[in-house]
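The block underneath contains the structure these notes are about, expressed in C-alpha cells.
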There are 2 protein chains.
Amino acid sequence: MVAQPDRREEANAERGGVERIRDAAIELFGQHGVNGTSLKAIAERAGVSPALIIHHYGSKDGLRVACDQYVADTLLALKTDAVRQGPRLDPVMLTSQIAEFRPLMRYLAKTLVDGSPHVNDLIDKMVEHAEQYIEEGVAAGLVKPSANPRARVVVLFLFAMGSLVLHEHFKRLLGVDLIDGDEPPVAYLQAVLEIYCEGVLTPGTYQNVRSYLDQLEEQSDPKGGSDDERD
Amino acid sequence: MVAQPDRREEANAERGGVERIRDAAIELFGQHGVNGTSLKAIAERAGVSPALIIHHYGSKDGLRVACDQYVADTLLALKTDAVRQGPRLDPVMLTSQIAEFRPLMRYLAKTLVDGSPHVNDLIDKMVEHAEQYIEEGVAAGLVKPSANPRARVVVLFLFAMGSLVLHEHFKRLLGVDLIDGDEPPVAYLQAVLEIYCEGVLTPGTYQNVRSYLDQLEEQSDPKGGSDDERD
DNA sequence: CAGTATGCTGACTAAGCGTTCAGTCAGGAG
DNA sequence: CTCCTGACTGAACGCTTAGTCAGCATACTG
C-alpha cells in the first residue's frame, strides 16, 4: 500500500526515493519501452506514489531524460575504465557480463531504436573511443589496416550494438543470451571471432563483389531508375 | 471530410478500405512503433473512421497481427524470388533498395525489437534460407567453410538485420541511409565487404583470442552447443 | 420494386494516461 | 515551542485511448 516507514533497512542498497524511482524506471523502460511503461507501474516498483515521480522529475519525459543521462554517464565511465584494462574483443560483450549493468544494457538496447539525444551522444562517444582503440590495435599489429577506418569502426560497432538490440533473436535462434546469460555466449563469440579473423568470402568472390561496388561508386548518380533491371 | 462516394478513381491504386487501413498501419507502425500509434492516426491516414478499423480487424491487436502476417508473407515471397536471381552479398540490402518495400522494411525493423510471433517466424525462415544459401556458396567455393555454420549464419544474418534496425545511427555516424537512401550505401557496403573478405584481426590476435575462447568453452559444458545449464 | 447484406460513420463509453493540487508528516532551525 | 522546508500522498482533473452501437447509404438480389 504505502511506502514502509522503515526504509532504513534498505537504505544501504538504494538511498533516496529519487534514485529508487530512476532505477525502477530504467528497469521497466528497458523491459517494455518508454511508451509501454506507465508512471503508475514505475511508482509501484519503486514503492512510491506516481505524484512523487512528477514531484522529483517534473514530467515523464523529464524522468526519461534523467534515465538517458544516467545510463549514458554510467556506461561511458565504465567504458573508460574498460579501455584501461587492455585489449578486448568486444567491449559491449564485456559490459553485458557484469550483472549490475544488465538493466542499463537493456535500457540502452531499447532506447537505441527510438533514439534519444543523450543516448546518441553516448553512441557517438563510444564510436570515437572505438576508433581510437582500433587505431592503436592497428599500430600494434593486432588489427589489420582498413581502406576506410571510420566506416569500418562504425560498422563493427553497430554490428555489436545491433546484436545487443536483437539479443532475443540470438536467444531463440542460437540459444545464447547476450544480456541475461550467466555464462559467456560462446557460440556467438566463436562465430564473431571466426568472421573477424578468417573472413567469410573467398578471394574470388572478393574480386567479383568488389568490381560491382566500384561500379556503384562510379555511378554515384542519385537519378536513374535502376530498381530491378540490374541484378 | 467524409469519404468521397466516388472512390473508383482511386480504386486502381488501392482498392478497398481494408487494405488502405493495413497499408496506413504498416507505415505508421513502422515510423512510431505500435504503441506510439493510435487508431485515430491510422484512420486519418487511411481516410476512414477509427470505428471502421475495429469493424474490419476486430481490435488494434488484430490489426497488428494482420500487418505482421502481411509483411511476413510479402517479404518471404520477395526473398524467395530474390534467391532465384542468383548470388547476392546481402539480400536485406537488396530488398531495401526497392522503394515499394521500404515501409515494410521499416515496419520489420521496428517490430524486430518488440517481437511478434509472425515476424519471428519470418526471421526463422529467412535464416533457414540463408543457411541453405550459404551452404551452396561454400559448395561453389564462393564462401569459406565454417567450424559452426549455423552460428555463423545466424550471426551474419542478425548483423544485417541489426544494421537495418539501427539505420538511423548509420545515417548519423556514416552519412549512409540503409532504408531511405536513393543510392546504394556505398561506404557501408565497402566496409562490410572488407570485413567479410579480409577479416579484421591479424593471425596473432586470432591465436590470442582463440585460446581465451577455448578456455571459456572448457569452463562451460564442452558438449556441442553452449546451452545454458548453470548460473 | 422491396429486402437484405455490407461498408461505413458519428456519437458514445469506460478505462487508463500524465499531471495537478491541497494537504500530511518528519525533521531541522530559530 | 513555532516555523519552515521538502519528501510524500490521495483524490481529483482533463485528455486520449481502444472499443461499442445504432443507424445511414449504397449495392446486390430476387
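Label point of residue B:147 (7 Å along Cα→beta-carbon): distances to the other copies' equivalent points are 2.9 nm, sorted ascending.
Counted by Cβ distance under 12 Å from residue A:37, the other residues give a net charge of +3, where Lys and Arg count +1 and Asp and Glu count -1. Each other residue within a Cβ distance under 10 Å of residue B:113 adds +1 if Lys or Arg and -1 if Asp or Glu, for a net charge of -1.
The rule of thumb for compact globular proteins, 2.2 N^0.38 Å, goes into the C-alpha radius of gyration of region B:17-202 1.13 times. Close Lys pairs in region B:17-202, defined as Cα atoms under 22 Å apart and 8 or more places apart or on different chains, number 7.
Bear in mind these aren't lab numbers, they're just calculated from the coordinates by the rules spelled out. As the structure is a computational prediction, the values presented were derived from the model and not from experiment. Cβ sites come from the backbone with ideal geometry, for glycine too, and all protein chains shown count toward neighbours.
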